[in-house]
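Written out below as structure tokens is the structure these notes cover.
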Amino acid sequence: MGSKFKFLKINPKWCLGCKNCELACTSRKAEKSSEYEIKTNIYVTEANNIKSPIHCRHCEDAYCEKICPVNAIKSNDEVVYLDSEKCIGCQMCEQACPYGVISMSKSISDNSNKKIASKCDLCLDRQKNNQSPACYSACPVKAIELI
Amino acid sequence: MGNCYDTSNNCLINKAHDENIDLVWDRYEKMKPQCGFGEMGICCRICLKGPCRIDPYGDGPKEGICGADADTIVARNLVRMIASGTASHSLHGKEIAKTLLHVAKGETDNYKVKDIRKLKNIAEKLNIDTEGKTINQITEEVAMASLMDYSRLENTPCNWLSNTLTKSRLKKLTDLGVALNNIESSVTDIMSRTHMGTDADAINILLAGLKCALGDYVGMQISTNLSDTLFGTPEPIISESNLGVINENAVNIAVHGHNPLLSEIIVDVADEMEEEAIKAGAKDGINIVGVCCTGNEVLLRRGIPLATNFLSQELAILTGALEAMVVDVQCIMPSLAKIASCYHTELFTTMPDAKISGATHIELNEKNSVENARVIIKKAIEKYKMRDKNKVLIPKRKSKVIAGFSTESIIKLLSKIDKERPLKPIIDNIVNGNIKGVVLFAGCNNVKIMQDNNFVTMAKKLLDNNILILATGCAAGAYAKNELMNSEATFKYAGEKLKEVLTLLGKEAGLDVPLPPVLHMGSCVDNSRGVDLAVALANELGVDLDQLPLVASAPELMSEKAISIGTWVATIGLPVHIGMLPPVGGSQLTIDVLTSKLKELLGGYFIVEENPIKAANKLIGIIKEKRVDLGIEPTAKPSEVV
């Protein structure tokens with residue numbers, strides 16, 4: 001990869017399902033936003049007794065990017081990110097994501113029904129400050145790796 | 001996988017989904033995945049430097065911030081579970097002992113000594129001289145001797161420990177330093193030694209756990225025996241079980257929890273208020289049904305039908321035909337309040353230490369219990385008028401149950417065959433192999449296992465191998481609901497030889513039919529009955545408990561009480577099968593102690609096996625092994641076993 005940013009890689013073998021990554025993701029968001037409900041962008045799941053977080057893969061030719069009618073989702077330096085100012089809450093990206101890791105957040109600042117998409121931005125703000133993504137830092141068993 | 005072995009419950013589970021009501025199974029799905037650190041017992045929340053977690057894989061921390069390693073953390077967490085289980089069972093016993101004392105002193109009119117013979121037998125067991133004493137004096141001395149087990153300062157063992165086990169077992173416990181002298185101090189001891197920076201030696205912590213678990217045993221002996229004194233010793237009784245016992249034409253009141261002090265009064269008062277219910281339009285009057293161990297208590301003594309055991313307690317409300325659920329302590333899901341609010345059902349809490357928000361709290365203490373029980377039943381009758389007939393759905397299935405097999409009633413039955421040595425017929429049949437051995441099933445339901453499946457699957461396999469089954473608590477509930485506690489079950493499932501014995505016993509008991517192949521011995525505090533029978537057999541044979549072809553199993557364990565029961569059962573020398581690993585997976589040392597070191601020390605040990613068929617085979621193997629060691633199984637070699 002040519003990006004200057006680090007990406008997540010999961011090793012399900014190590015995951016114990018403690019959900020620390022989910023908590024870290026939402027905690028970081030809670031520090032930043034008060035207008036929309038806080039949603040995690042990494043989800044710990046369990047199937048066939050295997051626990052594993054699922055997360056945004058920042059796909060090449062990302063479906064979410066292609067389908068967004070207002071170009072609120074863009075790629076830059078291999079990171080697929082959402083411009084929440086532009087988002088109109090149409091849910092197309094949520095439906096298009098093959099991993100099911102985009103969700104909708106309702107506005108909590110007024111009584112409107114406005115929603116916007118919520119997706120992983122790889123903690124770019126943290127990475128720019130030489131910090132790791134919050135979920136990676138929070139994983140006690142290093143089931144999340146950075147590549 | 002279905003949720004319940006008994007599919008008749010499915011209509012209510014579907015009903016809940018249609019009505020958007022979450023049940024225990026839905027909440028479990030939402031909880032998944034559950035935290036692996038908690039599952040392995042390697043999360044320590046004991047001090048505020050933490051929480052600390054041990055990385056079980058290698059790269060991360062191997063010790064907590066204070067330096068405690070996985071063994072210390074797992075052992076501490078485990079013994080704290082034991083302490084909680086012991087506290088629960090022993091407080092149950094203490095409440096009953098206090099009531100008995102108040103009866104003796106004439107301080108309550110609501111209770112009296114119902115079984116004077118049992119009282120005298122207890123006095124004899126506890127070495128209390130009864131000569132020339134009044135019933136009240138004996139009652140007071142029995143109550144005080146029992147309460148002494150909660151408060152003794154001297155280092156002598158508890159009365160209910162030293163007088164209920166074999167001599168050799170008591171010696172083993174004394175030599176190991178775990179012969180408990182005081183129940184409450186053992187709980188305090190666990191909380192104190194597991195405080196940050198105190199006991200860090202996992203083995204020493206686990207030994208304290210054994211000692212504390214014996215407090216659970218002592219509390220159980222007190223609960224069973226003093227309840228029998230107050231409310232009567234169970235005798236075989238015929239009743240019914242499963243949700244089908246809820247009667248559409250009656251005011252239905254469920255009693256749920258563990259303590260018979262309350263449910264007995266409710267049953268008494270309901271009899272008096274029958275007419276009032278009929279006047280309100282319920283042509284069959286008042287129908288009391290049981291849930292969990294309160295249900296078992298009133299089933300055994302009063303023949304009250306048992307509606308459900310632990311995991312399907314919510315479904316009783318979903319029938320839409322339950323006017324009131326009256327709860328006391330332990331194993332009561334707080335969800336009941338929310339579910340009751342979707343129906344006309346009123347949930348009543350009755351104990352000062354067990355309130356649930358959303359429930360109506362009407363306290364039933366010794367002084368006002370009769371008066372307040374009337375208030376509850378009156379309210380239930382009012383609620384009947386508010387029942388929405390369109391929301392009623394009662395599963396049809398119910399099974400016939402023969403319950404009430406106290407140790408006394410079994411011995412009484414056997415004495416019809418041999419008056420001089422009542423245990424001889426049972427010993428003869430064990431020796432000649434008609435009864436290969438005995439398995440005592442106990443413990444809970446767990447949402448992680450299909451409800452009752454392990455109990456039923458294991459029982460069928462064991463019975464087919466001529467192994468007699470005793471059951472208590474939610475295990476007994478599982479067998480009652482699923483048609484294993486009646487004579488038909490003997491025809492269907494018992495091996496040929498076991499069938500012959502049960503038929504003979506049934507005949508001697510004056511029944512035209514065989515005894516059931518699974519004997520209902522009571523609630524989860526009544527595991528003491530199984531021990532009494534085992535001790536009597538061991539004494540008759542001149543052996544210790546670990547030599548008997550007797551095994552215990554809790555294949556669907558859930559509560560902390562199950563952990564403490566399992567621990568004392570192993571401590572008194574019996575192998576204990578459990579259907580899932582408790583939160584000890586993070587410490588190989590702890591696993592080794594529980595599954596093998598304990599065997600070397602005390603004869604009893606834990607066997608973990610999730611698959612019920614494999615588990616049954618393992619128990620059959622252990623029973624064979626014990627029979628070979630006793631010299632009554634000439635053909636099998638230990639190496640061929642398992």
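Values quoted throughout were computed directly from the atomic coordinates according to the rules given, and no laboratory measurement underlies them. Computed from a predicted structure; not experimentally measured. All Cβ positions, even for glycine, are placed from backbone atoms using ideal geometry, and neighbour counts span all protein chains on display.
Quick notes on this structure:
- Residue match in region B:8-16 (condition: within 14 Å of chain A (Cβ to nearest Cβ), assigned to a helix (DSSP H, G or I), in contact with a Gly (Cβ under 8 Å, 6 or more places away or on another chain) and in contact (Cβ under 8 Å) with a residue 40 or more places away in the chain): no
- Scope region A:80-121; condition buried (at least 19 other Cβ atoms within 10 Å of the Cβ) and either among the basic types (Lys, Arg) or over 16 Å from A:Cys64 (Cα atoms) (or both); matching residues: A:Ser105, A:Lys115, A:Lys119
Matching residues to (1) hydrophobic (A, V, I, L, M, F, W, C); (2) under 16 Å from B:Lys94 (Cβ atoms); (3) over 20 Å from the mean Cα position of the chain (by Cα); (4) surrounded by fewer than 24 Cβ atoms within 10 Å (Cβ to Cβ):
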position	(1), (2), (3), (4)
B:Ser185	no, yes, yes, yes
B:Tyr217	no, yes, no, no
B:Glu235	no, no, no, yes
B:Glu240	no, no, no, yes
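- Of all the listed residues (B:Arg45, B:Arg76), the sole one being away from chain A (no Cβ under 14 Å) and basic (Lys, Arg) is B:Arg76.
- Of all residues in region B:198-248, those satisfying the criterion of being of a type in the set (D, E, K, R), more than 23 Å from B:Asp592 (Cα to Cα) and not in a helix (DSSP H, G or I) are B:Glu235, B:Glu240, B:Glu248.
- Taking each residue of region B:25-44 that is free of Cβ contacts under 8 Å to residues at least 60 places away in the same chain and in a strand (DSSP E or B) and looking for partners that are surrounded by fewer than 20 Cβ atoms within 10 Å (Cβ to Cβ) and small (Gly, Ala, Ser) with beta-carbon atoms closer than 8 Å, six or more apart or interchain, yields B:Cys44/B:Gly50.
- Residue tally, condition assigned to a loop (DSSP other than H, G, I, E, B) and surrounded by 12 or more Cβ atoms within 10 Å (Cβ to Cβ), over region B:113-137: 7
- Scanning region B:168-197 for residues that are closer than 15 Å to B:Ile46 by Cα, part of a helix (DSSP H, G or I) and not polar (S, T, N, Q) turns up B:Ile190, B:Met191, B:Arg193.
- Of the candidates B:Asp512, B:Asp464, the single residue that is free of Cβ contacts under 8 Å to residues at least 12 places away in the same chain, touching a Gly at 6+ places or on another chain (Cβ under 8 Å) and farther than 19 Å from B:Gly566 by Cβ is B:Asp512.
- Test: B:Cys52 is out of contact with any Gly (no Cβ under 8 Å at 6 or more places or on another chain), of a type in the set (A, V, I, L, M, F, W, C), farther than 19 Å from A:Ile50 by Cβ and within 12 Å of another protein chain (Cβ to nearest Cβ): no
- Candidates in region A:108-131 are the residues that are among the polar types (S, T, N, Q) and under 18 Å from the mean Cα position of the chain (by Cα); of these, the one that is farthest from A:Ile88 (Cα to Cα) is A:Gln131.
- Matching residues in region A:35-53 - criterion: being in a loop (DSSP other than H, G, I, E, B) and in contact with a strand residue (DSSP E or B) (Cβ under 8 Å, 6 or more places away or on another chain): A:Glu35, A:Glu37, A:Ile38, A:Lys39, A:Asn41, A:Ile42
- Qualifying positions in region A:7-34 - in a helix (DSSP H, G or I), over 14 Å from A:Pro140 (Cβ atoms) and facing chain B (nearest Cβ under 10 Å): none
- Subset of region B:55-72 (residues that are crowded, with 20+ Cβ neighbours inside 10 Å, touching a Ser or Thr at 6+ places or on another chain (Cβ under 9 Å) and either away from chain A (no Cβ under 14 Å) or assigned to a loop (DSSP other than H, G, I, E, B) (or both)): B:Gly64, B:Asp71, B:Thr72
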